[in-house]
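Quick one: the structure is below, and I'll ask about it shortly.
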Amino acid sequence: MKVSVIMAVYNGEDYLCEAVNSILGQTYREFEFLIVNDGSTDRTKELLDQITDTRVSVIHLKKNAGAAAALNRGIKSSTGKWIAIQDADDISVPTRLEEQVRYVEEQPLLVGVGSLVDCIPGVGASDRKRIKAEEDGANRLRKREEIFLKRFYGCSLTHGSMLFSKKVYTLAGGYNPFYKIAYDYDLWLRMMEYGDIEKLDKTLYQWRVNINSLSRSNYVQTCNEVLLASISAIERMLYKHLRRPPIFSIIGPKKGLKHFHSNVLPLLNISIESYLPIKADLNSMVSKHNQGNIDAIIILDSISYHSRRAIEFLNGKGLNMNIHHFLIWNVVN
């Protein structure tokens, strides 16, 4: 089975050679390697032009288009039926492709597979405890059932560790360039509408923790994009079931509700019936649901017992998680 390995890189001179060599040293040999230089202004172009391995094709973009657009450009030029992502500052262990290909060939229902990761220090990341916390978070969910159950909360898959079906990627619409940070999470949500995604229970990828990365330097923007991708996926799922646009109520901390209304809601095409603080009496919201005035309840996680209390209360009233109510990651409390 031919695999197309895709890398998008922007100003990645520090770790680029190490990342490229980790793919060229794979035990699995039936692959092509497409690298998209996304308008870099450092030595990235010079380093890429020095590669002589015939399995590598380099695409130089004149202007920075963003990671999602660059990845789409690389995949458009690919010829493999399966796509493996390799981020430009990370390392794939030598057997990564071999083990992932073998696994998807044995699991026909899978549309994608990742792996466990080992976090390694990058720019500004010298705190071992923080690196370990990132690693534990990335490896927390493993099996397809866990990933599917918690899919609306946030992204549990490490982008660079993923191998996925090009056919399903195309059916799902590819990466959405609107997203600057959560473009991978948005794609996984849409691909999971076609099949299963899980992780191999092996560490096949070294994920570099860079404090200055977009996702770590701006948690609020990351949260906004996660909310947008997640609620869009929930809306698609409910629309398919109801055959009409769903009506939502939102529960959350007061600051989170205000932030959502001002910064996320304008980007969504959904109807909100009401907002309710996480500490409030939820009986009125249950009554509205039972009377058909609302279709689903979004819970913005308040990182406290209040979220758990809300979930337990709604479950106790016969409203089920991921059908009637949905818990989503939120950092604005």
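The values are calculated or read from the model by the stated rules, or taken from the named source; none is laboratory data. Just so it is clear, the model here is predicted, and its values are computed rather than measured. All Cβ positions, glycine included, derive from the backbone under ideal geometry; neighbour counts span all protein chains shown.
So residue 281 fits all but one of (1) part of a loop (DSSP other than H, G, I, E, B); (2) within 19 Å of residue 234 (Cβ to Cβ); (3) free of Cβ contacts under 8 Å to residues at least 12 places away in the same chain; what number is the exception?
All conditions pass for residue 281, except number (2).
What's the total number of residues in the stretch 258-288 that are under 16 Å from residue 228 (Cβ atoms) and aliphatic (A, V, I, L, M)?
6
Do the conditions hold for residue 272, that is, is it assigned to a strand (DSSP E or B), surrounded by fewer than 20 Cβ atoms within 10 Å (Cβ to Cβ), modelled with pLDDT of 95 or more and not acidic (Asp, Glu)? I'd like the intermediate steps shown before the answer.
Numbers: assigned to a strand (DSSP E or B): yes; surrounded by fewer than 20 Cβ atoms within 10 Å (Cβ to Cβ): yes; modelled with pLDDT of 95 or more: yes; not acidic (Asp, Glu): yes.
Judged against the criteria, residue 272 is a match.
Can you tell me which residue is surrounded by the most Cβ atoms within 10 Å (Cβ to Cβ) among those in the stretch 163-185 that are under 13 Å from the mean Cα position of the chain (by Cα) and farther than 23 Å from residue 107 by Cα?
By that ranking, first place goes to 182.
Which of the residues belonging to the stretch 78-122 are touching a residue at least 40 places away in the same chain (Cβ under 8 Å) and part of a helix (DSSP H, G or I)?
96, 97, 98, 99, 100, 101, 103, 104, 105
Does the stretch 58-71 contain at least one residue that is of a type in the set (D, E, K, R) and free of Cβ contacts under 8 Å to residues at least 40 places away in the same chain?
Residues of the stretch 58-71 of a type in the set (D, E, K, R): 62-63.
Then keep just the ones that are free of Cβ contacts under 8 Å to residues at least 40 places away in the same chain; that gives 62-63.
Yes: one or more hits.
Anything in the stretch 284-316 that is assigned to a loop (DSSP other than H, G, I, E, B), surrounded by fewer than 16 Cβ atoms within 10 Å (Cβ to Cβ) and of a type outside the set (Gly, Ala, Ser)? List them, or say none.
Selection gives 291, 293, 303.
Restricting to strands (runs of 3 or more DSSP E) lying wholly in the stretch 1-77: which have 1 or more residues that are among the aromatic types (Phe, Trp, Tyr) and either touching a Cys at 6+ places or on another chain (Cβ under 7 Å) or buried (at least 18 other Cβ atoms within 10 Å of the Cβ) (or both)? Talk me through it step by step, then tell me what you get.
Numbers: elements: 3-9, 31-38, 56-61.
Answer list for the stretch 1-77: 31-38.
Check off (1) part of a helix (DSSP H, G or I); (2) polar (S, T, N, Q); (3) touching a Cys at 6+ places or on another chain (Cβ under 9 Å) for residue 224 and give me the number that stays unchecked.
(3)
Something else: Quick one: which residue in 85, 131 is under 21 Å from residue 27 (Cβ atoms), hydrophobic (A, V, I, L, M, F, W, C) and in the same structural domain as residue 209 (by TED's automatic domain parsing)? Explain how you work it out, then say what you get.
Working: 131 fails: under 21 Å from residue 27 (Cβ atoms).
After ruling out the rest, the residue left standing is 85.
Can residue 242 be described as buried (at least 16 other Cβ atoms within 10 Å of the Cβ) and not hydroxyl-bearing (Ser, Thr, Tyr)?
Details: buried (at least 16 other Cβ atoms within 10 Å of the Cβ): no; not hydroxyl-bearing (Ser, Thr, Tyr): yes.
So residue 242 does not fit the description; no.
Only residues that are part of a loop (DSSP other than H, G, I, E, B), of a type outside the set (D, E, K, R) and touching a residue at least 60 places away in the same chain (Cβ under 8 Å): list them for the stretch 140-177, please.
The first filter runs over the stretch 140-177 and keeps only residues part of a loop (DSSP other than H, G, I, E, B), leaving 140-143, 150-158, 162, 173-177.
Restricting the remaining residues to those that are of a type outside the set (D, E, K, R) gives 141, 152-158, 162, 173-177.
Within the stretch 140-177, 152, 153, 154, 155, 162, 174, 175, 176, 177 qualify.
Sort out which residues of the stretch 234-280 are among the charged types (D, E, K, R) and within 22 Å of residue 310 (Cβ to Cβ), and write them in order of number.
Restricting attention to the stretch 234-280, the residues satisfying the condition of being among the charged types (D, E, K, R) are 235-236, 240, 243-244, 254-255, 258, 273, 279.
Once the filter is applied, which keeps residues that are among the charged types (D, E, K, R) and within 22 Å of residue 310 (Cβ to Cβ), the stretch 234-280 yields 235, 254, 255, 258, 273, 279.
Follow-up. Would it be correct to say that residue 257 is assigned to a strand (DSSP E or B), outside the structural domain of residue 182 (by TED's automatic domain parsing) and among the aliphatic types (A, V, I, L, M)? Explain how you work it out, then say what you get.
Values: assigned to a strand (DSSP E or B): no; outside the structural domain of residue 182 (by TED's automatic domain parsing): yes; among the aliphatic types (A, V, I, L, M): yes.
So residue 257 does not fit the description; no.
So, in the stretch 226-266, exactly how many residues are more than 15 Å from residue 328 (Cα to Cα) and in contact with a Ser or Thr (Cβ under 9 Å, 6 or more places away or on another chain)?
Qualifying residue count for the region: 3.
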